[in-house]
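Derivation of every value follows stated rules applied to the coordinates shown; laboratory data play no part. Please read all numbers here as calculations on a predicted model, not as lab measurements. For neighbour counting, all protein chains shown are included, and Cβ atoms are generated from backbone atoms with ideal geometry for every residue, glycine included.
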Ligand SMILES: CC(C)(COP(=O)(O)OP(=O)(O)OC[C@H]1O[C@@H](n2cnc3c(N)ncnc32)[C@H](O)[C@@H]1OP(=O)(O)O)[C@@H](O)C(=O)NCCC(=O)NCCS
């Protein structure tokens, strides 16, 4: 007997708890009640799709309504793809493919012009036109590591406070900094709640403390400690979730504070690959940095998405775009941008300078992957000599994209 076809549609509010159960099971997790409550707050039924086998909800995916900072512009609306999961007994029957199609098609024309996600496995999303737009770095810096003598840690004292005391300052400083950091998401009250949600059972199992909050007049650090009482001396580790400073001095003061906590051996932090910490250290090799994939980006409408961001240099380039999954993007487009000025994208019959697919367009959108890199990787074809270099320069941002919260 052949399996019945799977159907996708958006959900009702009443179906959201079942959706969360299905997705958590797909991720091999047991949801804690507080995580379910936080997710319910965050999910919008009309942006949450379910895959059904008859009446049975067997998979789903959601598009969180977020605002992401782009190079030199924004924050702009983005479909932040999250909770993509299909029940183990319904896999490889095309449920995810249907969900991906339903999501992107629902935004075409007047919805979010681009989508972004964090991937659980790197081989999943390219087929849907998502490109690797940035990386994440996991730093490990030994306790007590010295700074360059020129690093000023300011005289603003770092204090440990409780969450309620820290929150207003964190809201304020984050909203000040996020619009200047490519890849960062604006945070609402609800998203702060999800970001700081704690699963006590998991903390106990991992021997982790709850979040601790260190504040400075111009910054804050959110961290926890992984305990490791060894027979001779403690080997605890500081795990920093977020270190933010509105000034280099505040940033340095917070790192200094974390690096000097007694009983610990190491500070671990998940940050942008170009985080300044490497250059702040007296010995630049006094850290280890593991790099993994970060944000994946999908351009939904090329003519609406590319003009959203600012360009670092003037550009006039014709792009031949292949896009089977969102066929309205396929064809030849002329992108004209002024340095830090407006950009336009229009259909053209002119000869193309660069030939690329949707994945490559998504990859270069945030300025984290360059056009030149993808030409060298044989993923973009340079048809007019020099056009790749011009496009690389124009698409470059001030710094590498990074999104502190994994959504
Ligand atoms: C990833 C997941 C959602 C895929 O769902 P699915 O319904 O089995 O996917 P589909 O049947 O639509 O597969 C579409 C294509 O993706 C491929 N694919 C699916 N999962 C993949 C994976 N984990 N790695 C590599 N390729 C994958 C399939 O082989 C298929 O390839 P094809 O088009 O060449 O035939 C599902 O396996 C799952 O829930 N995994 C655990 C949770 C998870 O990792 N979610 C992703 C969160 S970012």
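Would you mind ranking 262, 353 so that the residue whose beta carbon has the fewest other beta carbons within 10 Å leads the list?
Arranged by neighbour count, lowest to highest, 262, 353 become 262, 353.
Along its three principal axes, how long is the stretch 108-222 when you only count alpha carbons? Whole Å, largest extent first please.
51, 39, 31
Per the Debye formula with a single identical scatterer at each Cα and no solvent contribution, what log10 I(q)/I(0) holds for the stretch 53-143 at q = 0.21, 0.24, 0.26 Å⁻¹?
Debye intensities relative to I(0), on a log10 scale: -1.14, -1.36, -1.48.
Report the label-to-label distance for residue 120 and residue 284 in nanometres (one decimal), using points 7 Å from each Cα along the Cα→Cβ vector.
Inter-label distance under the simple model: 3.9 nm.
For the stretch 141-191, taking Cα atoms only, what is the radius of gyration to one decimal and the Dmax to the nearest whole Å?
According to the Cα coordinates of the stretch 141-191, Rg and Dmax are 15.0, 41 Å.
If you stretched the chain out fully between residue 160 and residue 291, how much longer would it get, using 0.36 nm times the residue separation minus the C-alpha to C-alpha distance?
Length gained, residue 160 through residue 291: 44.2 nm.
Please compute the contact order of the chain in relative form: average sequence separation of alpha-carbon pairs under 8 Å and at least six residues apart, divided by the residue count, as a percent.
On the way: 918 pairs, mean separation 79.3, N = 407.
Contact order relative to length: 19 percent.
Mind giving me the FRET efficiency for residue 192 and residue 138? R0 is 25 Å, r the Cβ-Cβ distance, nearest 0.05 is fine.
After rounding to 0.05, the efficiency reads 0.60.
For residue 347 and residue 229, what does the FRET efficiency come to when R0 = 60 Å and r is the distance between their Cβ atoms, rounded to the nearest 0.05?
0.35
Give the order of 254, 70, 203 when sorted by the count of other beta carbons within 10 angstrom, beginning with the fewest.
203, 70, 254
Restricting attention to the alpha-carbon atoms of the stretch 301-395, what are Rg (one decimal) and Dmax (integer), both in Å?
So, for the stretch 301-395, Rg and Dmax equal 11.8, 32 Å respectively.
So how do 299, 40, 16 line up by other beta-carbon neighbours within 10 Å, fewest first?
Lowest count first: 40, 16, 299.
Roughly what % antiparallel, to the nearest 5, for the DSSP beta bridges in the stretch 301-395?
Here the antiparallel bridges make up roughly 75 percent for the stretch 301-395.
Using helices alone, I'd like the mean residue ellipticity at 222 nm for the chain: each DSSP H run of four-plus residues gives -39500 (n - 2.57), total over residue count, nearest 500.
Value at 222 nm, helices only: -7000 deg cm²/dmol.
If you split all Cα-Cα distances of the stretch 290-333 into 10 Å bins from zero, what percentages do you get per bin, shortest first?
Taking all Cα pairs of the stretch 290-333, the binned fractions are 21, 45, 28, 7 percent.
Return a whole-number percent for the relative contact order of the stretch 137-293, with Cα pairs under 8 Å and 6 or more residues apart as the contact set. Please list the in-between numbers first.
Numbers: 266 pairs, mean separation 59.5, N = 157.
Result for the stretch 137-293 is 38 percent.
Given axes a ≥ b ≥ c from the Cα gyration tensor, I'd like to know whether the stretch 137-293 is rounded (a/c under 1.5), prolate (a/b larger than b/c) or oblate.
Rounded shape, in that the Cα axes give a/c under 1.5.
Could you state, as a whole-number percent, how many of the C-alpha pairs of the chain are farther apart than 42 Å? Kindly include the intermediate steps, with their values, before the conclusion.
Working: 14712 of 82621 pairs.
That tail contains 18 percent of the Cα-Cα pairs.
What translational diffusion coefficient, to the nearest whole µm²/s, does the stretch 7-107 have by Stokes-Einstein, given a Kirkwood radius computed over alpha-carbon pairs, a temperature of 4 °C and 1.567 mPa s viscosity? Don't skip to the answer; put the middle values down first.
Values: Rh = 14.0 Å.
Using the Kirkwood radius from Cα pairs, D works out to 93 µm²/s.
Take residue 405 and residue 339, extend 7 Å from each Cα along the Cα→Cβ direction, and tell me the distance between the two endpoints in nm.
It works out to 3.6 nm between the two label points.
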